[in-house]
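What follows is one structure encoded as structure tokens, with my remarks underneath.
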Amino acid sequence: MPSKHVRQNRKTWDFMAAGYQAKHGERLTERARAWGVWRIPETEIRALGEVAGRNVLELGCGAAQWSIALAADGARPVGIDLSGEQLRHAREATATIPLVHGSAEELPFRDGSFDLVLSDHGAMGFADPERTVPEVARVLRPRGRFAFSVASPFLFMCWNPKTERVDTRLHAPWFGMRSEEDEQTIQFQLPYGEWVGLFRDSGLEVERLIHLRPRPNATTTYTDYVSLRWARDWPAEDLWVVTKPAA
Ligand SMILES: C[S@@+](CC[C@H](N)C(=O)[O-])C[C@H]1O[C@@H](n2cnc3c(N)ncnc32)[C@H](O)[C@@H]1O
């Protein structure tokens, strides 16, 4: 029996998929090789390294915009998503990339199957990191890389549940931060020190932590997420790059 957050998030994403793709799909397709809600180009961030010829797993692939772009760049991507409805959109967009209906918490792949695992606001914000990080470490090859973007802990703390907006006060404690439930989804977050401890305990090494800062004139289709002004002053989105050491 899947856990409560997996059941809840699957139901919500199945319900939201059509609206999500209608609102964001076109821009995600146009700016596929880019990170976060402001679509900051991978050419600036350089989180992935060489992708041609690499076996890549995308966690929480949605309509697989990232995977399709990586395949065009010579990678061999596989997408996994919890939501059958999100995957329906992915199947409409690609007939060649393998798409798996499943959870990032229980990856149906053999140990050491991938050179690169990535997730752009995908499963890593909605699945329990205590389960996903060891799973990613297991399916990565030695010298493999894991790059993922998530909402930052600052965004979690500054989320005002009364106004349902992010503001400039702290509304939640830093210590004990773990998951947050609204009417739709259950999302996960950890303080930075706990992320680092979890990577280390899973046999991974931190290479970089990038705060995705939008440009002053950046635009987004995720207009209810956080304001540009806020995201220019504080880290709204983080991009972790961690690696599995050589055997
Ligand atoms: C915000 S969407 C992002 C999708 C895609 N990365 C994009 O940028 O459009 C989050 C995705 O994560 C998926 N997801 C949530 N929990 C998951 C889990 N435990 N395992 C796999 N996918 C999950 C959802 O179904 C949804 O498609």
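The values are calculated or read from the model by the stated rules, or taken from the named source; none is laboratory data. As the structure is a computational prediction, the values presented were derived from the model and not from experiment. Cβ coordinates were reconstructed from backbone atoms using ideal geometry, including for glycine residues, and neighbour counts include every protein chain displayed.
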Just one listed residue, out of Leu209, Leu190, Leu198, is hydrophobic (A, V, I, L, M, F, W, C) and without any contact (Cβ under 8 Å) to a residue 40 or more places away in the chain, and it is Leu209
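Let's see how each residue does on (1) out of contact with any Phe, Trp or Tyr (no Cβ under 8 Å at 6 or more places or on another chain); (2) closer than 30 Å to Lys244 by Cβ:
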| position | (1), (2) |
| --- | --- |
| Arg138 | yes, yes |
| Phe148 | no, yes |
| Phe154 | no, yes |
| Pro161 | yes, no |
| Ser179 | no, yes |
| Leu198 | yes, yes |
| Arg208 | no, yes |
| Arg213 | yes, yes |
- Going by the conditions given, is Gly84 within 11 Å of the ligand (Cβ to nearest atom), over 13 Å from the mean Cα position of the chain (by Cα) and surrounded by fewer than 24 Cβ atoms within 10 Å (Cβ to Cβ)? yes
Scanning the stretch 113-137 residue by residue, the ones that are closer than 19 Å to Tyr225 by Cα and assigned to a helix (DSSP H, G or I) total 3
Exercise. Would a scan of the stretch 48-66 turn up a residue that is assigned to a strand (DSSP E or B) and not hydrophobic (A, V, I, L, M, F, W, C)?
Worked result: yes
How many residues of the stretch 4-47 are away from the ligand (no atom under 11 Å from the Cβ), in a helix (DSSP H, G or I) and surrounded by 16 or more Cβ atoms within 10 Å (Cβ to Cβ)? The answer is 2
Filter the stretch 94-108 for residues that are free of Cβ contacts under 8 Å to residues at least 60 places away in the same chain and crowded, with 17+ Cβ neighbours inside 10 Å; the one that is nearest to the ligand (Cβ to nearest atom) is Ala104
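This table checks each residue for (1) under 28 Å from Gln21 (Cα atoms); (2) at pLDDT 95 or above.
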site: Gly125; (1), (2): yes, yes
site: Val133; (1), (2): yes, yes
site: Pro142; (1), (2): no, yes
site: Phe156; (1), (2): yes, no
By residue number, the members of the stretch 170-215 that are assigned to a helix (DSSP H, G or I) and not small (Gly, Ala, Ser) are Tyr192, Glu194, Trp195, Val196, Leu198, Phe199, Arg200, Asp201
Subset of the stretch 152-169, residues more than 18 Å from the chain's Cα centre (by Cα) and not in a loop (DSSP other than H, G, I, E, B), comes to Met157, Trp159, Asn160, Arg165, Val166
Filtering the stretch 214-247 for residues that are surrounded by fewer than 19 Cβ atoms within 10 Å (Cβ to Cβ) and among the aliphatic types (A, V, I, L, M) leaves a count of 4
Here the residues within the stretch 214-227 that are without any contact (Cβ under 8 Å) to a residue 24 or more places away in the chain and either of a type outside the set (Ser, Thr, Tyr) or in contact with a helix residue (DSSP H, G or I) (Cβ under 7 Å, 6 or more places away or on another chain) (or both) are Pro216, Asn217, Asp224
